[in-house]
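Chemist: Take a look at this one; I'll ask things after.
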């Protein structure tokens, strides 16, 4: 369980302009909610949120959010990010109970270099980047590590083959889902060489020659004097 504490102020102004002013000051608006709790609008420092997101556990980090009503164990449930500036626009905090089993999305981390990639030039394709699990908040792993050393071209690792060490973690993802596979190397096809057929000039020449010959014969025939009848 993380010991990170993030301070939050109650949000009093709403709308686009107040939100812009908050972001200029390095703060972002957010909400805090949970089972049996009233939704509360808050303001937090964006640097604190970035620190949590960049940690090993990322969005699965459990930390304490300090508000006017006291401290609550929370995690980041949702984020809104500017698609151009990649800056945070809004954050949702979900209050949790340490003794309550919850669903988490755990990232997959590959270990080693696949045999099919190293020896045969294959391409590693990670199909499932997160595994859905169920456990207590204090038992959430940072990553699920997968040893890919023995995966050859055409080979794959499925969810059912993952080694989940802790018996306190229940895997929810379909066991038949492919987590990763090694594809055959891409073969670049040689471009087809298109040979243009030479224009058939010869028949035209022959045709032209015959025409000229015919004209010459006609001219010669016209020059031969006709015999006159006496």
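Every read-out reported here was derived from the displayed coordinates using simple, explicitly stated rules and does not represent laboratory data. Only a predicted model underlies this, so the values are computations on that prediction, with no experimental measurement involved. Quick reminder, even Gly has a Cβ in these numbers, built from the backbone with ideal geometry, and neighbours come from all protein chains shown.
Chemist: Bin width 5 Å, alpha-carbon pairs only: give the P(r) of segment 57-191 as whole percents, running from 0 to the bin holding the largest distance.
Modeler: 2, 9, 15, 15, 14, 13, 11, 9, 5, 3, 2, 1, 0, 0, 0
Chemist: Still on this structure: Using the Kirkwood formula on the Cα atoms of segment 5-96, what hydrodynamic radius do you get, in angstrom to one decimal?
Modeler: Values: mean 1/r = 0.0751 Å⁻¹.
Radius from the Kirkwood sum: 13.3 Å.
Chemist: Would you please put 167-180, 60-73 in order of how densely packed they are, using the mean number of other Cβ atoms within 10 angstrom per residue and starting with the highest?
Modeler: On the way: 167-180: 14.4, 60-73: 16.7.
The densest-packed peptide leads the list: 60-73, 167-180.
Chemist: How far, in nm, would the chain grow between residue 69 and residue 5 when pulled straight, counting 0.36 nm per residue and subtracting the alpha carbon separation?
Modeler: That works out to 21.6 nm of additional length.
Chemist: Turning to a different aspect of this structure: Where does segment 103-183 land on Rg(C-alpha)/(2.2 N^0.38 Å)? Could the numbers behind the result be given before it?
Modeler: Working: Rg = 13.2 Å, N = 81, 2.2 N^0.38 = 11.7 Å.
The reported ratio for this selection is 1.13.
Chemist: Relative contact order for segment 5-96: what is it in percent, counting Cα pairs under 8 Å that are at least 6 residues apart? Walk me through the numbers before you get to the answer.
Modeler: Numbers: 164 pairs, mean separation 28.7, N = 92.
Here the relative contact order equals 31 percent.
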